[in-house]
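The values are calculated or read from the model by the stated rules, or taken from the named source; none is laboratory data. Bear in mind that the values here come from a model prediction, so they are computed numbers and not experimental data. With ideal geometry, Cβ positions are generated from the backbone for all residues, glycine too; neighbour counts draw on all protein chains shown.
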Amino acid sequence: MNIVTSLQEWRKIRKNLDKMIGFIPTMGHLHEGHLSLCERAKRETDITVVSIFVNPAQFNETQDFERYPRDLEADRRLLEQAKVDFLLAPSAHEIYPDQYQIQIMETELSQVLEGKFRPGHFNGMLTVVLKLLNLVQADLAYFGEKDYQQLLLIEKMVKAFFLDVQIVACQTVRDQHGLALSSRNARLNAEQKIKAASLHTVLKTTSDLKQAIDALNQIGFKVDYVEEKWQRRLAAVWLDEVRLIDNILLDKKEV
Ligand code: AMP
């Protein structure tokens, strides 16, 4: 695997690639969820590019950004094993030469659910995804349904800006108890992980939103929201200091 940290070097390399490119943007601390996106890209394209960039612009709190788990060496090993071709790991300095003075803003979808609880988060996410899509010029870019609102916003941006890339939505990968894999889970101990998995169970087994919220409160989560939208039931909750998000497909239910 070729590790590229300089954008100038990457742009030189990119000019000489003329095969089908699959791109997976990530913030690192990789797990099976990320790797499932890589495997799919490996199957569907010729060259796989993964980016690792912990994007300061999409964190609401400095402390959350600072505490975000990072392990570039472990990530490198996993990506080597997955036979990824390029790892792009740029610096914030290079990604934001303008100190984030130019931003992408969506005014509708980004205002609900996550947007309400994390002001500015989606501006930061869309801005960095646009930059990365422009840099990589991939044929296909892979995103997880775990971050469902993010996925919808990226699809909307791609359409609005006539970007020449196909967005591929990938199913959420879970642990054996149903907990959606997430880099932030690294901050949960074994006991908390079991408790965290009940978020998925509650979303699946309760019949209405009030029941779901009551059940989550009972277990000891602090609920930011549980809502039904886009034929999904989506939730964000806190377990102690860690914020978890998840969503499930609502089968044939009217929403
Ligand atoms: P992140 O590193 O959290 O920014 O995630 C990078 C990409 O991996 C995003 O498209 C996520 O939606 C996706 N992803 C994260 N966790 C999972 C998971 N458990 N299953 C599938 N995709 C995931």
Item to complete: Assess whether Leu113 counts as being more than 14 Å from the ligand (Cβ to nearest atom), out of contact with any Lys or Arg (no Cβ under 6 Å at 6 or more places or on another chain), among the hydrophobic types (A, V, I, L, M, F, W, C) and in contact (Cβ under 8 Å) with a residue 24 or more places away in the chain.
Response: yes
Fill in: Every residue from region 76-110 that is over 20 Å from Gly22 (Cα atoms), outside any helix (DSSP H, G or I) and touching a residue at least 24 places away in the same chain (Cβ under 8 Å)
Ser91, Tyr96, Tyr100, Ile102, Gln103, Ile104, Glu106
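Matching residues to (1) touching a residue at least 60 places away in the same chain (Cβ under 8 Å); (2) in contact with a strand residue (DSSP E or B) (Cβ under 8 Å, 6 or more places away or on another chain); (3) at negative phi:
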site	(1), (2), (3)
Phe143	yes, yes, yes
Leu152	yes, no, yes
Val173	yes, yes, yes
Leu181	yes, yes, yes
Arg184	yes, yes, yes
Leu199	no, yes, yes
Ile219	no, no, yes
Val223	no, yes, yes
Gln231	no, yes, no
Item to complete: Could you grab me the full set of residues in region 111-150 that are of a type in the set (Ser, Thr, Tyr) and not in a helix (DSSP H, G or I)?
Response: Tyr142
Practice prompt. Answer yes or no: is there a residue in region 148-168 that is under 19 Å from Val237 (Cα atoms), surrounded by fewer than 21 Cβ atoms within 10 Å (Cβ to Cβ) and near the ligand (Cβ under 9 Å from one of its atoms).
Written response: no
Item to complete: Determine which single condition Ser207 fails, assuming it passes every other condition in (1) at pLDDT below 95; (2) in contact with a helix residue (DSSP H, G or I) (Cβ under 9 Å, 6 or more places away or on another chain); (3) not charged (D, E, K, R).
Response: (2)
Response to the item:
If we keep only residues of region 24-63 that are within 16 Å of the chain's Cα centre (by Cα) and surrounded by fewer than 15 Cβ atoms within 10 Å (Cβ to Cβ), then the residue farthest from the ligand (Cβ to nearest atom) is Asn60
Fill in: Hey, Asp18 more than 14 Å from the ligand (Cβ to nearest atom) and either among the hydroxyl-bearing types (Ser, Thr, Tyr) or surrounded by fewer than 13 Cβ atoms within 10 Å (Cβ to Cβ) (or both) or not
yes
Practice prompt. Could you list, in sequence order, all residues of region 35-64 that are free of Cβ contacts under 8 Å to residues at least 40 places away in the same chain and either in a loop (DSSP other than H, G, I, E, B) or among the hydrophobic types (A, V, I, L, M, F, W, C) (or both)?
Written response: Asp46, Ile47, Val50, Ile52, Val54, Glu61
